[in-house]
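Remarks on the structure that follows.
The values are calculated or read from the model by the stated rules, or taken from the named source; none is laboratory data. Computed from a predicted structure; not experimentally measured. For neighbour counting, all protein chains shown are included, and Cβ atoms are generated from backbone atoms with ideal geometry for every residue, glycine included. The area values use the complete protein model at the heavy-atom level, side chains included, leaving out ligands, DNA and RNA. Shrake-Rupley method; radii C 1.70, N 1.55, O 1.52, S 1.80 Å.
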Amino acid sequence: MRMGSCLAGSVAAVVAVCLLLLPAASLAQLQVGFYNTSCPNAEALVRQVVTAAFANNSGVAPGVIRLHFHDCFVRGCDASVLLSVNPGGGRTERVAAPNFPSLRGFEVIDAAKAAVERSCPRTVSCADILAFAARDSVNLTGNSFYQVPAGRRDGNVSSEDEALDNLLGPNSTAQVLIDGFLKKGLNTEDMVVLSGSHTIGRSHCDSFLFKNRERLANGTISPAYQALLEALCPPTTGPTTLIRTDMDVSTPTVLDNNYYKLLPLNLGLHFSDDQLVRNATLVPFASAFAANETLWKEKFAAAMIKMGNIEVKTGTQGEIRLNCSIVNPSSSAAEIEMLMFPSSTSDAAAAEEIATS
């Protein structure tokens, strides 16, 4: 109990420093306790939904954390990843290759949104609900709580092409990872810190199998580990192969620093994971986090807050969606009915497959 209290206090102190270091514009736009007056039970309602979903399926937590990450890296943290229909036409982020069929957690956010809407109609954005749910997922898996500055507004555009342009893949080199995070205002340490989220969750065969054969040839993956992966994944593995494996072979359901301990043992699942111990700039960070879990958890909470500030919409920008999967209607009864009961579309059907996979 005492250790948990110390860790919580330590995380809170680092988060406070992180908030002070955020750009003044971000501090003016987002604030802790944003809904204290307009919807005081918003965060509690989200937490209840996430906790119930996690009790039924622990895979909910890594799914929601990744959902928040993929939202923020495309058009900022505006819940654009949740849209199943793009008003401007074209395919949405949800069906882009980096997201489909692996992205999950949509049904949890929908349930949280429904709970909040019943209590505080048209008040809390889907983007904030996603940020709260990601924080709760971190707490459930790692016993690490942090305050989430809120006040985000929801966007009304979602583009498959933008997802392809901005999301980093599992075969990214160290330099591609560094540059990709820098483009979003996150530094090299932030990248290594947030990569540690791979200590929970599972990954599809197509994201690691073939690149790891190259790693086997150059000695950067354990032969025994690769043999297990080869036995798991069929020879016909492709983008729609739904077989998955844990990303952390030791503690796959606990948000801890074990991810960093596995990398020097050549037990990183993805090529991008392995890059953290092959690049001279990245190794000191990975080694420090392997040696000190408390340090990593402090840095992780601060980096999640920093990521949650990427290109946010506030004030009169965007909207507060009534249904997280589609933008609000204008005024007609037909549009309102479509909002509450969306019709089937190719993207909506794809999203349903994601949720149940």
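Screening Y146, Y225 for residues that are surrounded by 18 or more Cβ atoms within 10 Å (Cβ to Cβ), over 18 Å from the mean Cα position of the chain (by Cα) and aromatic (F, W, Y) leaves exactly one candidate, Y225. Say whether the condition of being without any contact (Cβ under 8 Å) to a residue 60 or more places away in the chain, assigned to a loop (DSSP other than H, G, I, E, B) and under 30 Å from K299 (Cα atoms) is met by at least one residue in region 199-209. No.
D206: open to solvent by 30 Å² or more (accessible area, probe 1.4 Å) and closer than 25 Å to V60 by Cβ, yes or no?
On the way: open to solvent by 30 Å² or more (accessible area, probe 1.4 Å): yes; closer than 25 Å to V60 by Cβ: yes.
Yes, satisfied.
Any residue at all in region 238-252 that's of a type in the set (G, A, S), open to solvent by 60 Å² or more (accessible area, probe 1.4 Å) and within 29 Å of N187 (Cα to Cα)? Checked against the condition, which is being of a type in the set (G, A, S), open to solvent by 60 Å² or more (accessible area, probe 1.4 Å) and within 29 Å of N187 (Cα to Cα), region 238-252 yields at least one hit. Scanning region 1-56 for residues that are under 23 Å from K297 (Cβ atoms) and modelled with pLDDT under 95 yields a count of 23. Identify, from the list F300, F271, the residue that is in contact with a Lys or Arg (Cβ under 9 Å, 6 or more places away or on another chain) and among the aromatic types (F, W, Y). After ruling out the rest, the residue left standing is F271.
Against the conditions (1) without any contact (Cβ under 8 Å) to a residue 60 or more places away in the chain; (2) of a type outside the set (K, R); (3) open to solvent by 60 Å² or more (accessible area, probe 1.4 Å), D71 satisfies every one except (3).
Restricting attention to region 163-187, the residues being under 25 Å from A61 (Cα atoms), in a helix (DSSP H, G or I) and open to solvent by 20 Å² or more (accessible area, probe 1.4 Å) number 2.
Checking each residue in region 209-222 for being open to solvent by 60 Å² or more (accessible area, probe 1.4 Å) and among the small types (G, A, S) picks out only A217.
For region 197-227, a residue qualifies if it is of a type in the set (F, W, Y) and at pLDDT 95 or above, and the qualifying residues are F208, Y225. Take the residues of region 85-122 that are touching a helix residue (DSSP H, G or I) at 6+ places or on another chain (Cβ under 6 Å) and among the basic types (K, R): which is surrounded by the fewest Cβ atoms within 10 Å (Cβ to Cβ)? Going through the qualifying residues, I end up with R91. Residue pairs whose Cβ atoms lie under 8 Å apart, sitting 6 or more positions apart in sequence or on different chains, and linking a residue in region 216-240 that is of a type outside the set (S, T, N, Q) to a partner that is surrounded by fewer than 11 Cβ atoms within 10 Å (Cβ to Cβ) and in a helix (DSSP H, G or I), are L216/P223. For residues that are modelled with pLDDT of 95 or more and either assigned to a loop (DSSP other than H, G, I, E, B) or out of contact with any strand residue (DSSP E or B) (no Cβ under 6 Å at 6 or more places or on another chain) (or both), tally how many sit in region 317-346. Result for region 317-346: 11. Total residues in region 86-131 satisfying the condition of being touching a strand residue (DSSP E or B) at 6+ places or on another chain (Cβ under 8 Å) and basic (K, R): the figure is 1. Note on region 123-143: among residues that are open to solvent by 10 Å² or more (accessible area, probe 1.4 Å) and among the hydroxyl-bearing types (S, T, Y), the one that is nearest to C324 (Cα to Cα) is T123. Only one of the numbered conditions (1) part of a helix (DSSP H, G or I); (2) within 12 Å of the chain's Cα centre (by Cα) is violated by R94, and that is (2). Candidates K297, K313: the one that is outside any helix (DSSP H, G or I), at pLDDT 95 or above and buried (at least 20 other Cβ atoms within 10 Å of the Cβ) is K313. Among the candidates A55, A44, the residue that is part of a helix (DSSP H, G or I) and more than 24 Å from R202 (Cβ to Cβ) is uniquely A44.
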